[in-house]
Amino acid sequence: MAVTDYDYLIVGQGLAGTSLALHLLEMGKKVLVVGDASMPSSSKVAAGIFNPLTGKKLVKTWLADDLFPYADQFYKDLEAKFSCKLVYSMPIFRPFRSIEEQNTYLAQTADPAISQYIAADGRTDLSHYVESRFGGLEVIRAGWVDLPVFLEKGRDYLTEADSYIEKSFDMDDLSVGPECISWHDLSFGKVVFCQGFFGVNNHFFSWLPFTPVKGQILEVATEEVLPEYIVNQGIFMLPASRKVMRVGATYSWDPLNWEPTIQATEELNEKLQALLRIPYQITSAAAGVRPSVKDRRPLLGIHPDHANVCIFNGLGTKGVTLAPFFARQLAEHLENGKDLNPFVNIQRYFSLYFR
Ligand SMILES: Cc1cc2nc3c(=O)[nH]c(=O)nc-3n(C[C@H](O)[C@H](O)[C@H](O)COP(=O)(O)OP(=O)(O)OC[C@H]3O[C@@H](n4cnc5c(N)ncnc54)[C@H](O)[C@@H]3O)c2cc1C
């Protein structure tokens, strides 16, 4: 094998790129992450919520029993490494919309796969705070990760380890040979593209079935101190500090850009008015594009024609819990040849490439 300056070039410093770089460094690899902090990023906008039971139907998150413990340990280890707080454990209160919904949800909680994620006493009363005349369910082992801090501290850590360069990556500067990758005057064993939504324009991987979804969230100020619960019913309300909450999110497709809109603010405000019982004021709005995929599974693996060109993308709506687990899986695949989960391996879409 050719001797190179670095083992890996990682393009993009969002959740995917940062998590992968940290795992590869832990394995003793030489890594260089190219990031451009002035560019938009889904991770910068995301609320960072991890929630084991999602959707109207209270469905257990795919691979929750594997993803959640791994992510929990990953972020806690990083808190020690970065000397900062990243993870906020917080139950999620889901007000019932009706007696029917109450009955359906309570019947579901008989299933041990679900009940392990629900508070046993279930007597939470937040009726002074949110509309919840039929009561509600309290989802546990949930919470949120402070992603802006994760990204900033991650960047500092990588910089300190000589593993970060602040630059906009231009594909014209990259040369892919059979033995090594060259970028500017540096050589690498492999390149891994972790570009989120920008991945749709990457000619190596643009054949993959990305289905990006725009989302907007609001920052909302209140005069009352907020209870330490994330509330979820159609929207989420996340207490980010004592009197500031983040409220989201919308799902829209046209246009797919990074600009907040008045329509999305109005949509969220309407839902907030119906749910929240204390006075509030919207202070700002932000929008991002989720790197989602047709089958809602991440995109990991090696290019069909270039053994040294790889991808880590497709984290969709659940990057916080997917990124750590699958960063580890990809690192072990690339370094030790361990199998990727076939549901995330891009091999499942190779027929699109060869078509
Ligand atoms: C409104 C909203 C709310 C969300 N809420 C949640 C939530 O509560 N919980 C959750 O788990 N997930 C949430 N998500 C989803 C989450 O944001 C994504 O799953 C995750 O952040 C994707 O990470 P990524 O690293 O793949 O992409 P990104 O975070 O977009 O990172 C890609 C990075 O690559 C960089 N890049 C691309 N091209 C170049 C280039 N040429 N040069 C240099 N850098 C480049 C980009 O600038 C960016 O920094 C939310 C998303 C949105 C939009």
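Identify, please: which residue in the range 228-241 is of a type outside the set (A, V, I, L, M) and over 18 Å from Phe96 (Cα atoms) and is, among those, surrounded by the fewest Cβ atoms within 10 Å (Cβ to Cβ)? Per the stated criteria, the residue is Ser241. When you check Glu223 against the structure, is it surrounded by fewer than 17 Cβ atoms within 10 Å (Cβ to Cβ), in contact (Cβ under 8 Å) with a residue 12 or more places away in the chain, in contact with a strand residue (DSSP E or B) (Cβ under 8 Å, 6 or more places away or on another chain) and over 20 Å from Glu138 (Cα atoms), yes or no? In short, no.
So that you can scan it fast, the table gives a plain yes or no per residue for (1) outside any strand (DSSP E or B); (2) within 23 Å of Asn51 (Cβ to Cβ):
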position: Leu126; (1), (2): yes, yes
position: Pro148; (1), (2): yes, yes
position: Gly154; (1), (2): yes, yes
position: Tyr157; (1), (2): yes, no
position: Ser175; (1), (2): no, no
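Here Phe82 qualifies as surrounded by fewer than 18 Cβ atoms within 10 Å (Cβ to Cβ) and aromatic (Phe, Trp, Tyr).
Can you name the residue in the range 318-355 that is aromatic (Phe, Trp, Tyr) and within 17 Å of Lys294 (Cα to Cα) and, of all such residues, is farthest from the chain's Cα centre (by Cα)? Applying the filter and picking the extreme gives Tyr353. Whenever a residue of the range 42-58 is in contact (Cβ under 8 Å) with a residue 24 or more places away in the chain, its partners that are more than 14 Å from the ligand (Cβ to nearest atom) and assigned to a loop (DSSP other than H, G, I, E, B), lying with C-beta atoms within less than 6 angstrom and at least six residues away or across chains, give the pairs Pro52/Tyr117; Pro52/Arg141; Leu53/Tyr117.
Scanning the range 298-312 for residues that are touching a helix residue (DSSP H, G or I) at 6+ places or on another chain (Cβ under 9 Å) and either among the small types (Gly, Ala, Ser) or buried (at least 21 other Cβ atoms within 10 Å of the Cβ) (or both) yields Pro298, Leu299, Leu300, Gly301, Cys310, Ile311, Phe312. In contact (Cβ under 8 Å) with a residue 12 or more places away in the chain, closer than 20 Å to Asp305 by Cβ, within 13 Å of the ligand (Cβ to nearest atom) and not acidic (Asp, Glu): is that true of Val192 in this structure? Taking the combined requirement at face value, the residue satisfies it. Looking at Phe150, Phe169, just one residue is out of contact with any Phe, Trp or Tyr (no Cβ under 6 Å at 6 or more places or on another chain), farther than 23 Å from Arg246 by Cα and within 15 Å of the ligand (Cβ to nearest atom), and that residue is Phe169. Per the conditions (1) modelled with pLDDT of 95 or more; (2) more than 12 Å from the ligand (Cβ to nearest atom), the sole criterion not satisfied by Met1 is (1). Listed by position, the strands (runs of 3 or more DSSP E) contained in the range 19-119 that have at least 2 residues being within 12 Å of the ligand (Cβ to nearest atom) are 31-35. Of all residues in the range 320-348, those satisfying the criterion of being touching a strand residue (DSSP E or B) at 6+ places or on another chain (Cβ under 8 Å) and buried (at least 19 other Cβ atoms within 10 Å of the Cβ) are Val320, Thr321, Phe326, Ala327, Gln329, Leu330, His333, Leu334, Leu340, Val344, Asn345, Ile346.
Residues of the range 124-158 that are over 24 Å from the mean Cα position of the chain (by Cα) and aliphatic (A, V, I, L, M): Leu126, Val130, Leu137. Figure legend. Inter-residue proximity from the range 305-320: first residues among the polar types (S, T, N, Q), second residues part of a helix (DSSP H, G or I) and more than 6 Å from the ligand (Cβ to nearest atom), beta-carbon distance below 7 Å, spacing 6+ or different chains. Indicated pairs: Asn313/Gly199. Number of residues in the range 242-260 that are without any contact (Cβ under 8 Å) to a residue 40 or more places away in the chain and either surrounded by 12 or more Cβ atoms within 10 Å (Cβ to Cβ) or within 13 Å of the ligand (Cβ to nearest atom) (or both) equals 8.
Looking across Ala331, Ala327, Ala323, Ala285, one residue alone is more than 25 Å from Ala21 (Cβ to Cβ), modelled with pLDDT of 95 or more and touching a Leu at 6+ places or on another chain (Cβ under 7 Å). It is Ala285. From the list Ser252, Ser206, the one residue that fits, being at pLDDT 95 or above, among the small types (Gly, Ala, Ser) and touching a Lys or Arg at 6+ places or on another chain (Cβ under 6 Å), is Ser252. Restricted to the range 261-305, and to residues there that are under 22 Å from Val231 (Cβ atoms) and within 12 Å of the ligand (Cβ to nearest atom), the residue that is nearest to the chain's Cα centre (by Cα) is Arg290.
The values are calculated or read from the model by the stated rules, or taken from the named source; none is laboratory data. Keep in mind the model is a prediction, meaning the values are calculated, not measured. FYI the Cβ positions are ideal-geometry reconstructions off the backbone, even for glycines, and counts take in every protein chain you see.
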